[in-house]
Structure formats: structure tokens, C-alpha cells
Amino acid sequence: MIVSWNWLKEYVRLDMPVDALTERLMMAGLNLEKVADVQGDMAIDLEVTSNRPDCLCHLGVAREVGVLFDREYKLPPAEPAEKGPPVASVASVDNQCPDLCLQYTARVIQGVKVGPSPSWMQRRLATLGIRPINNVVDITNYVLMECGQPLHAFDFDKLDGRKIIVRRGEQGEKLTAIDQRQYDVTSQMCVIADATRPVAIAGVMGGYETEIGPQTTRVLIEVAEFTPRSVRATARKLHLFSDSSYRFERGIDRENLDWAGRRCAQLILELAGGELCQGAVRAGSAPASKPAPVVLRLSQLPRILGIDIPQPEVERILLKLGMQPAPGAAAGTCRFIVPHWRRDLGREIDLIEEVARIHGYDKIPENVPVPLEVSQTTRFDRLCQRLSEALIAAGFFEAVTLSFISDAELDLFRPWTNAAPLRVEHTSRQRENILRQSLIPSLLLCRRQNERHRNLNAQLFEMARVYLAGEPERPEAQPRLLGFVSGKSFAEIKGIVELLVDSVNHAARVTAKPAALAACLPGRACELLLDGKRLGWLGELSDDVRKQLDLQDPVTVAEIDLGVLEAVAEFEPTYQPVPEYPAIERDLNFLLDEPVTWQELEATVRGAAGSLLESVAFESQYRGQHIPANKKSYVARLHFRAPDRTLTDAEVDAAQKKVVAACGEKLSATLR
């Protein structure tokens, strides 16, 4: 926001050096970008945060200066003389989309003489970088920069039917804006129309066909409140941005519309002549409800700021900021109703911040004792730390990638959902504008970048959210996942998944179920289950996907749901005493039908071996010579141990016979 020094003096006394002014404004939250000399005036460029739209105008900045330097703040008059006929007999307004346009006010001035605006107004607009056009248009820009309320002036005689219709756009409609470019209007946009066509894009820009020109004699002044979301979406969809859209997006002072309209009309009467029709045509109205009083406990000031500020000073600051005292304050408290131009204030902590910044952050000593509480590491943070340590120990590097991908990258790997992805419409996101549904595409692109820099076989992992569309506000629609990519084999990566699960819960069991993933080789993809619940996916990328990404080496990918792991995580495992008695190992070489999986064999062994079985481990598999067709062999290593004695061979032989019998009965397995 650029502020003119000469203009600012109209509303508040400036008897301090410009450096003192900008320093104090900066310390109060309006950061200084630069000060430039423009034809004898000083253009002060201030950075206004998005929560302070009230400072996107000269009156707002003047109000801040008045509070900071204890100066009187002067509001210019806005009492135009109304001599024409009732405006309702001349024009009408029909608001057909009150959800997009909350308020619309129209005034009509007849007998206007369009010409150059006076030099003082041209100089002030030029200081702000605004090109003067004519007196009527310059006045709308002047009032916008004065009070922060966007306005628009139509050539009333160019409006078909002499009426305004606020409605949604119709598919196929086009509008030529005052920048003389044509834009396609959609049904998601709010437009200002006359009886036959759209004449302005609501809150963004007016139309070329109804703009003020040298022949204009009757002017319709529009002052409206459009919903920020609608204006933001329209501006980004059309890639069309203006001073008006910038302010509507951040929220205007909804109780300031009438003043802005009267101020604009008064300046037009003074500088362009004419007669103002009586009254205004209104559609919609500002909410009648007042904000609830905010209670400020004075004891919170030293607790949060570390210094004590006397109650009279606190009340003086809040009153100077435009707050109204509310009755019913208890001892040691203040109750205030915030002004309508400060909708960002609604909590006690907001008032404390206002008191602190006006009183002066520089008055808070650096060594003031502020009570602190040690934060506790959350369960999820502990899980992430444990998983990161395990992956780094296995040779992986953590990556941080953007959440946005392109359409082509979306289809690389998306096993979690088939729902349409969420997209953003923004000028900085023309191609990669999709919120990802998996971490794997981003990691594969990162791996490719490493290969191009001759850093081969980059093993990468990332923990972040993905966005599965549907209802974004629901937690299950934004799960937090762990994805990792590596040049290791399918079996090795499956072992790393088991290692990760074991690092957070020794008792949890990971099983794999064959799956057909489009991005993976046939027979080299599976769904991972943790105690029967879906944990994630694992697969080796197909050659086609590797060629599409221009990846040199084979890649195996895995992605797991951190929410499932968090639910079973045990960070303080139960103590198990060191075994006092030796274990007995037996290797069993089973001949099995090809469809039988290791999980089925392991489950059968565990179910039949009894309480003496300590563990079952996969040793090897074999297909080939001396093995019939459609057969294979698995070697399983069984560990037997008793906690209170040394086992005998007879005890282990008995358990082994039960295992062999159960495998033969359930799986048709035989020992080789």
C-alpha cells in the first residue's frame, strides 16, 4: 500500500520527520518497504498484512498515525446535496445472487460534465502510481484509496433497460473489460449486468462498453460488498487482478458502503457538476448484529508480555483504536466492543497484542522473565522420529517436496483412491496445480534429478500429507503418509517395511497380499496389511513408467499410512528378560503348490507348533530341477525355547510332527 505524505496530512497532523513516522509505523506492524520522492510528494510504501485490510487506504493509515502519535483524526465530510428526482424512479437493482453479493448500493447523478480532474487530484493519484483518466473515474479511484471501499461508475445511458442485475454468469457469455481484453464468463462468477448483457465482473473490473467517456452525462455509482471467496476465485480464473479485487479478497468494512457512496457523489458534484438523485437504491444490507464484547483480564498482560501496563493506559489505547467500552466489566477486567473496521479482533489475545504494539514493543525488556512451559513431544512426532532414525540407518535420505504435481505425474502412482483430485487456480500454478494423492511421484522426480547430477541410486523418503479429494475437511481425506523409493529389490524393501513396523511395535505383524498396480511390474506389487488393516502398498516400477520418467535404474517404491502405525505404536515396550535356556532350531523344507504363499505357511506353522515356538523365519525358496511343475519349496526355520527349562529333542520332535501334519492337511505340503 503506497501512501502519499501530502494526502495523509488531510486527515491527521504530521509534524514529525518522515523517518520517525515510518519507524513508528513499522514497529506497530506496518513494515516499511521504501520512501520515494514523486514530484515533490513522498510515496511511502507500506507492507500491510492480510489481517489488516483497514490499512489499505489513507484513512486507515491516518487512524494508525493518530493512535501512535496521539493526534486527532479527521474524517472528511460526505453530505452531498440531493436535488434530482428520487433515484428509485430512474434506476433499479435486482440482486439475484445474495450469496455472492451481500450488499449493493446505486446512486445516480445527472448532468455530469466529464473532463480532466484537477491537478491536485492527479498529483495524489500519480504518487500512488495510478494514471489519471477523467474526473469521474479519478474520483472513484480517489475514494478507493481514501477509504478502502472499491467503487465503480457506469455510463447510465449505456445500460440497457436502465437497470442493474447482479447475477451469476451464463456459460458462453463474454465481456470486454476496461483493459479492452475479452474474458469468458462462467456460471461460477458473479457479474453485474443490465437488461441484456454483463457489463462488469463483480469486484474485479468494469466493462469497456459502459465505461465513462467524454459524452457521458449521467453516471450510476456502484458501491457493493462481494464475498471474498467469489472475487478471489474469479480473479484467479481470469488471471485478472485489480486494486478492487485486492481489497475485496481481504474483506472490506461492510458498514462503510453508504459513507463511501456519499463521499464519491459529493466529489463528483464538486468537480464534475450535475444533480444527485434523491436517495439510493439498495439490495441487501449490512448485518444488524453487533459483535459480542471482548473481555480483557489485566492480569494477562504481565503473564504474556512480561511487563505491567496500568489500566488507564490500556483503556486509553483501546479507546483511541476506536473500541467502545461495554458495561458489566468485573474487577481487574475491561470489556470492549471492537469497531466495525477491525473484524480481525475477536479474542482477548487480540486486544493484548493491540495494547502491546501501540504501547511499544521496544518497551518490553529483552531479559524480562516470561513464564514458559516445556512442550511435550506428541505421539505422532515420536513416531516420525523413530521411523526417520530407522530409515536413515538403512541408508535413506529425507526429502521435502512440493504438494503440487501435474496431471501426468498424478497418474504415475495413485493406489489410494480413484476420486478426482483437488486443483488450485492460481497464476503461479498453471501446470503443476494438482494436490497430490501420493508421495511417490514427487520422490521419483527427485530421484530423477539426482540421476541427472550423477548421484545414482538416491534412496529417498518423505513424510507428509496427501489429499484424497472428497471432503477435504475430514481427517481421512488428508492422511499423513510415509513414502520411500530405492534401487533395492522388492524383497529388501519389504524387509525394510517390516523393520519399520518392528521399530514401533515388536508384536505387530506385516503381511502382503498380491495386488495389480498399473505402475508396477506384474507379480511385483502387493498391498501391505498390518494385523489385517491396510497399511500401504509396495511395488517395483514397470519399464514403461521408468521410461516415461527417464529413470536409468530399477526402482522399488513403498508407501504406508502413518495413521495405522500410530494406532499400534508402543514407545515403551514391556521388559522381556534375557533367555536363560538355549533354543533349538529346526529347518523344514516344504514342497508346496505354486499358489500357496509364505504368509499361509507361516500362519499354519504358528497355529500348530504350540507355546514352545519362539519364532518362524523365511530362509529360502526354490523352483527348478527335482521339483515338479507348478510346485515350489520353502525352507522355514523354527526356533523353539522354553522359559523355565532346557528343551529335549522329544519335545521339539512332537511339536515338529504337529507342524508337518497341519501343513500337510491344510496346504497339501510335504517335506522334501
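Here residue 135 clears all of (1) touching a Leu at 6+ places or on another chain (Cβ under 9 Å); (2) closer than 21 Å to residue 245 by Cα except the condition numbered (2). Of the listed requirements (1) surrounded by 10 or more Cβ atoms within 10 Å (Cβ to Cβ); (2) farther than 23 Å from residue 287 by Cβ, residue 321 misses just one: (2).
Of all residues in segment 341-370, those that are under 22 Å from residue 25 (Cβ atoms), out of contact with any helix residue (DSSP H, G or I) (no Cβ under 8 Å at 6 or more places or on another chain) and not basic (Lys, Arg) total 2.
Taken together, 558, 567 contain a single residue that is in contact with a Gly (Cβ under 9 Å, 6 or more places away or on another chain) and among the aliphatic types (A, V, I, L, M), which is 558.
With respect to (1) in contact (Cβ under 8 Å) with a residue 12 or more places away in the chain; (2) out of contact with any His (no Cβ under 9 Å at 6 or more places or on another chain), the lone exception for residue 255 is condition (2). All of (1) more than 20 Å from the chain's Cα centre (by Cα); (2) modelled with pLDDT of 90 or more; (3) closer than 26 Å to residue 380 by Cα; (4) not aliphatic (A, V, I, L, M) hold for residue 447 with one exception: (3).
Residue-level check: of (1) in a loop (DSSP other than H, G, I, E, B); (2) under 25 Å from residue 361 (Cβ atoms); (3) touching a residue at least 24 places away in the same chain (Cβ under 8 Å), residue 3 misses just (1).
State yes or no: is residue 94 farther than 18 Å from residue 146 by Cβ, assigned to a strand (DSSP E or B), among the charged types (D, E, K, R) and in the same structural domain as residue 265 (by TED's automatic domain parsing)? So residue 94 fits the description; yes. Taking every residue in segment 332-348 that is without any contact (Cβ under 8 Å) to a residue 24 or more places away in the chain and pairing it with any residue that is of a type in the set (Gly, Ala, Ser) and part of a loop (DSSP other than H, G, I, E, B), at least 6 positions away or on another chain, the pairs with Cβ-Cβ distances below 9 Å are 339/322.
Scanning segment 652-671 for residues that are surrounded by fewer than 14 Cβ atoms within 10 Å (Cβ to Cβ) and more than 15 Å from residue 603 (Cβ to Cβ) yields 653, 654, 657, 661, 668, 671. If the condition is being closer than 30 Å to residue 82 by Cβ, touching a residue at least 40 places away in the same chain (Cβ under 8 Å) and not in a strand (DSSP E or B), then segment 280-313 contributes 280, 285, 286, 290.
Tell me, please, whether a residue that is outside any helix (DSSP H, G or I), in contact with a Cys (Cβ under 8 Å, 6 or more places away or on another chain) and modelled with pLDDT of 95 or more can be found in segment 382-399. Looking through segment 382-399, at least one residue is outside any helix (DSSP H, G or I), in contact with a Cys (Cβ under 8 Å, 6 or more places away or on another chain) and modelled with pLDDT of 95 or more.
Summed over segment 592-610, the residues that are surrounded by 19 or more Cβ atoms within 10 Å (Cβ to Cβ) and closer than 13 Å to residue 669 by Cα give a count of 5. On inspection, residue 527 qualifies as in a strand (DSSP E or B) and surrounded by fewer than 21 Cβ atoms within 10 Å (Cβ to Cβ). Scanning segment 211-230 for residues that are of a type outside the set (A, V, I, L, M) and within 19 Å of residue 116 (Cα to Cα) yields 211, 213, 214, 215, 216, 217, 218.
Within segment 165-188, residues that are part of a loop (DSSP other than H, G, I, E, B) sit with their Cβ atoms under 6 Å from residues that are of a type in the set (Phe, Trp, Tyr), at 6+ positions apart or across chains, in these pairs: 178/208; 180/208.
Against the conditions (1) crowded, with 24+ Cβ neighbours inside 10 Å; (2) closer than 30 Å to residue 43 by Cβ, residue 178 satisfies every one except (1).
Restricting attention to segment 108-151, report how many residues are part of a strand (DSSP E or B) and small (Gly, Ala, Ser). Residues flagged as part of a strand (DSSP E or B) and small (Gly, Ala, Ser) within segment 108-151 amount to 0. Criterion applied to 118, 150 was being buried (at least 20 other Cβ atoms within 10 Å of the Cβ) and in contact (Cβ under 8 Å) with a residue 40 or more places away in the chain, and the one residue passing it is 150. Listed by position, the helices (runs of 4 or more DSSP H) contained in segment 221-277 that have at least 3 residues being buried (at least 19 other Cβ atoms within 10 Å of the Cβ) and in contact with a Pro (Cβ under 7 Å, 6 or more places away or on another chain) are 243-250, 257-272.
With respect to the conditions (1) closer than 28 Å to residue 202 by Cβ; (2) outside any strand (DSSP E or B); (3) of a type in the set (S, T, N, Q), residue 105 falls short on a single one, namely (2).
Counting the residues of segment 543-558 that are closer than 24 Å to residue 468 by Cβ and out of contact with any helix residue (DSSP H, G or I) (no Cβ under 6 Å at 6 or more places or on another chain) gives 3.
The values are calculated or read from the model by the stated rules, or taken from the named source; none is laboratory data. All figures in this text were calculated on a predicted structure; none of them were measured in a lab. Cβ coordinates were reconstructed from backbone atoms using ideal geometry, including for glycine residues, and neighbour counts include every protein chain displayed.
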